[in-house]
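J.: Right, I'll just put the structure down here and ask away after.
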Amino acid sequence: MQNRMKTHQLTDEETTALLTRAQVAALATVGADGAPYNVPVHFALLNGKLYVHGLAVGEKVGNLQAHPAVCLTAWEMEGLIMPQGQEPCNVNTAYHSVVVKGRARMLEDEGEKLAALGAIVAKYTPHFSSDQIPPAAIKGTGVMEITPTATTGKYYS
């Protein structure tokens, strides 16, 4: 383990807080040919699992059907650290980040999908939280559930 990872770890509470407030993450999947595929996603944390919504078909869906192992990375860049009188190579970045490795599956049950979509709506468009999601939208939306197997968080400031 890198020294920075040992000395700059986020607590479980800080990791959960970052996953709750981060607006975008990168989701990595592996295709049937072994090639990686990394795509930005919106996501929500609910009951210890992560949920990603999107089309019900496509490369990421096909990839997880071939290989359910995924990795999701969320981060916040807070700014550059530029000590006065230093050289460009000494500039650093203040950030918080979380890496979640896990197993993914596409939800089929409409009740599970509704709960996950409700969490996503509450996170991104809370003013619509009291509105009912139309059944056709639930049925037509792909919802991925990620069960974490390993989560790490780190920071630098």
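The values are calculated or read from the model by the stated rules, or taken from the named source; none is laboratory data. Given the structure is predicted, the values throughout are model-derived calculations rather than measurements. Methodologically, a virtual Cβ is constructed for each residue, glycine included, from the backbone with ideal geometry; neighbour enumeration extends over all protein chains shown. Ligands, DNA and RNA are excluded from the accessible area calculation, which covers all protein heavy atoms including side chains. Shrake-Rupley method; radii C 1.70, N 1.55, O 1.52, S 1.80 Å.
J.: Anything in the stretch 24-36 that is surrounded by fewer than 16 Cβ atoms within 10 Å (Cβ to Cβ) and of a type outside the set (V, I, T)? List them, or say none.
T.: A26, G31, A32, D33, G34, A35, P36
J.: In addition: Please indicate, with yes or no, whether at least one residue in the stretch 146-155 is small (G, A, S) and closer than 30 Å to K6 by Cα.
T.: Filtering the stretch 146-155 down to residues small (G, A, S) leaves 150, 153.
Add one more test, that the residue is closer than 30 Å to K6 by Cα, and what stays is 150, 153.
Yes: the stretch 146-155 contains one or more residues that are small (G, A, S) and closer than 30 Å to K6 by Cα.
J.: Also: Quick test of your reading of the structure: M82 fulfils all but one of (1) open to solvent by 40 Å² or more (accessible area, probe 1.4 Å); (2) in contact with a helix residue (DSSP H, G or I) (Cβ under 9 Å, 6 or more places away or on another chain); (3) touching a residue at least 40 places away in the same chain (Cβ under 8 Å). Name the failing condition by number.
T.: (3)
J.: Residues in the stretch 121-137 that are surrounded by 18 or more Cβ atoms within 10 Å (Cβ to Cβ) and more than 14 Å from the chain's Cα centre (by Cα): how many? Before you say what the answer is, go through the steps one by one.
T.: Going through the stretch 121-137, the residues surrounded by 18 or more Cβ atoms within 10 Å (Cβ to Cβ) turn out to be 121, 123.
Now restrict to residues that are more than 14 Å from the chain's Cα centre (by Cα): 121.
Qualifying residue count for the region: 1.
J.: Does A104 satisfy the condition of being open to solvent by less than 70 Å² (accessible area, probe 1.4 Å) and under 18 Å from the mean Cα position of the chain (by Cα)?
T.: Working: open to solvent by less than 70 Å² (accessible area, probe 1.4 Å): yes; under 18 Å from the mean Cα position of the chain (by Cα): yes.
Yes; evaluated as a whole, the condition is true for this residue.
J.: Does any residue in the stretch 130-147 that is touching a residue at least 60 places away in the same chain (Cβ under 8 Å) come within less than 7 Å, Cβ to Cβ, of a residue that is open to solvent by 40 Å² or more (accessible area, probe 1.4 Å) and not charged (D, E, K, R) six or more places away or on a different chain, and which pairs are these?
T.: Note: pairs meeting the criteria are G140/A56; T141/H53; T141/A56; G142/H53; G142/L55; G142/A56; V143/H53.
J.: To continue, here is another question. Hey, K139 hits all of (1) under 14 Å from A56 (Cα atoms); (2) modelled with pLDDT of 95 or more but one; which does it fall short on?
T.: (2)
J.: State which residue pairs qualify: first residue closer than 14 Å to K49 by Cβ and inside the stretch 62-78, second residue surrounded by fewer than 19 Cβ atoms within 10 Å (Cβ to Cβ) and among the charged types (D, E, K, R) in any location, beta carbons under 7 Å apart, and separation of 6 or more residues or different chains.
T.: From residues that are closer than 14 Å to K49 by Cβ, the pairs are P68/R103; P68/R105.
Residues checked against (1) over 16 Å from Y95 (Cα atoms); (2) surrounded by 16 or more Cβ atoms within 10 Å (Cβ to Cβ); (3) touching a residue at least 40 places away in the same chain (Cβ under 8 Å):
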| residue | (1), (2), (3) |
| --- | --- |
| L10 | no, yes, yes |
| A22 | no, yes, yes |
| A44 | yes, yes, yes |
| N47 | yes, no, no |
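J.: Is there a residue in the stretch 112-120 that is open to solvent by 60 Å² or more (accessible area, probe 1.4 Å), in contact (Cβ under 8 Å) with a residue 24 or more places away in the chain and of a type in the set (K, R)? If you could, list the steps in order and put the result at the bottom.
T.: We begin by selecting, within the stretch 112-120, every residue open to solvent by 60 Å² or more (accessible area, probe 1.4 Å); these are 112, 114.
After this cut, where a residue has to be in contact (Cβ under 8 Å) with a residue 24 or more places away in the chain as well, the list is 112, 114.
Within this subset, residues satisfying the condition of being of a type in the set (K, R) are none.
Taking every residue of the stretch 112-120 in turn, none turns out to be open to solvent by 60 Å² or more (accessible area, probe 1.4 Å), in contact (Cβ under 8 Å) with a residue 24 or more places away in the chain and of a type in the set (K, R).
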